Amino acid sequence: MTGNKVKAIFFDIDGTLVSFRTHEISRETIESLHELKRRGVRLFIASGRPLEMMDNLSGFPFDGYITLNGALVHAGGKVISRHPIDPDAATGIAGTADSLGLPCVTYGENTIAINFTDERTEQSFRMIKLPPVPVIPAVTMAEKPVYQFTVFADEAQEKDLILPEAEFLEPSRWNPVFFDLNPKGLSKADGIRAIQEHFGIGRDETMAFGDGGNDTAMLRYAGTGIAMGNAGDDVKEAADYVTSSVDDNGIPAALRHFGIL
């Protein structure tokens, strides 16, 4: 892809735009984002976070937000796409997490809660600089539409305890300690499609940056998918290009490589 074809760029947050070390977007990356805006490129977030927890973007005015791995997509101050989890599936996962004592964050459209907290949850929240959330049983949260679960379980627990309940759910893991559950087949790529339709942007006019397992579908779908140098091998294999790490200004480096800046 040449730089003059790119009309929209999608960015994961943690480990892509924002360093796990500094919890900030680097100055060079912020400058690059402003230059892209000046050149008329639309810029979007594509994250597993809900909109309410995107407080680490340095106040930059993005054009839209793919949240909860594509379950809710925001543009123009409103939700333009919704994909809640099947109610029965949500109730089943919530009950399993509560009964087994597995910490589980439940995301509604405007609500967030966790059923249990422990050292793992507190450490993970610190890692990505999330504020504390209310402690409410997952089954109580599942009485209303659920758009994502984040379950604190290792891969063995995920396979043996959770996935048998998850016929209608899509797991994605970007940390060894926890994984996300969204509606079956849903990914950040679906969020890109919603943005394309809303703004009239072609797939070949899109570019995406990511570093985690929940970014692989997005990187494959975008016109050009770029993996950060700090990404895992599976993410790099899904990308068209691998740039340097988030702590080595990988985004500006890739933008220069493709002649966009």
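The values are calculated or read from the model by the stated rules, or taken from the named source; none is laboratory data. A quick note: this is a predicted structure, and the numbers were derived from the prediction, not measured. Please note: Cβ atoms are built from the backbone with ideal geometry, for glycine as well, and neighbour counts cover all protein chains shown.
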Segment 53-70 - residue that is outside any loop (DSSP other than H, G, I, E, B) and out of contact with any Asp or Glu (no Cβ under 7 Å at 6 or more places or on another chain) and, of those, surrounded by the fewest Cβ atoms within 10 Å (Cβ to Cβ): Met53
Test for Ala238: is it small (Gly, Ala, Ser), crowded, with 24+ Cβ neighbours inside 10 Å and modelled with pLDDT of 95 or more: no
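Checking the structure you have, find out if any residue of segment 97-108 is among the charged types (D, E, K, R) and surrounded by 22 or more Cβ atoms within 10 Å (Cβ to Cβ).
Step one: list which residues in segment 97-108 are among the charged types (D, E, K, R), which gives 98.
With surrounded by 22 or more Cβ atoms within 10 Å (Cβ to Cβ) added as a condition, the list becomes none.
No: zero hits.
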Any residue that is of a type in the set (Phe, Trp, Tyr), touching a helix residue (DSSP H, G or I) at 6+ places or on another chain (Cβ under 7 Å) and buried (at least 22 other Cβ atoms within 10 Å of the Cβ) - is there at least one of those in segment 179-186? yes
Boolean, Leu169 is outside the structural domain of Ile25 (by TED's automatic domain parsing) and either without any contact (Cβ under 8 Å) to a residue 12 or more places away in the chain or among the small types (Gly, Ala, Ser) (or both): no
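Conditions (1) outside the structural domain of Ile192 (by TED's automatic domain parsing); (2) buried (at least 16 other Cβ atoms within 10 Å of the Cβ); (3) among the hydroxyl-bearing types (Ser, Thr, Tyr); (4) at pLDDT below 95, marked per residue:
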{"residue": "Leu72", "(1), (2), (3), (4)": "no, yes, no, no"}
{"residue": "Ala75", "(1), (2), (3), (4)": "no, yes, no, no"}
{"residue": "Arg126", "(1), (2), (3), (4)": "yes, no, no, yes"}
{"residue": "Leu130", "(1), (2), (3), (4)": "yes, yes, no, yes"}
Among the residues of segment 188-211, what is the count of those that are surrounded by fewer than 24 Cβ atoms within 10 Å (Cβ to Cβ), part of a loop (DSSP other than H, G, I, E, B) and touching a residue at least 40 places away in the same chain (Cβ under 8 Å)? 2
Test of understanding: among Asn175, Asn214, which residue is surrounded by fewer than 24 Cβ atoms within 10 Å (Cβ to Cβ), within 15 Å of the chain's Cα centre (by Cα) and either at pLDDT below 90 or not aliphatic (A, V, I, L, M) (or both)? Asn175
Which of the following residues is surrounded by 22 or more Cβ atoms within 10 Å (Cβ to Cβ) and either at pLDDT 95 or above or closer than 29 Å to Gly202 by Cα (or both): Ile45, Ile80, Ile136, Ile93? Ile45
From the residues in segment 139-154 that are in a loop (DSSP other than H, G, I, E, B) and surrounded by fewer than 21 Cβ atoms within 10 Å (Cβ to Cβ), which one is modelled with the lowest pLDDT? Asp154
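Would you pick out the residues in segment 227-243 that are in a strand (DSSP E or B) and more than 15 Å from the chain's Cα centre (by Cα)? Full working, then the answer.
First, the residues of segment 227-243 that are in a strand (DSSP E or B): 227, 241-242.
Within segment 227-243, Tyr241, Val242 qualify.
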Mind checking which residues of segment 59-106 are hydroxyl-bearing (Ser, Thr, Tyr) and over 18 Å from Glu158 (Cβ atoms)? Tyr65, Thr67, Ser81, Thr91
Which residues, counting only those in segment 1-43, are more than 20 Å from Thr216 (Cα to Cα), outside any helix (DSSP H, G or I) and charged (D, E, K, R)? Lys7, Arg21, Glu24, Arg39, Arg42
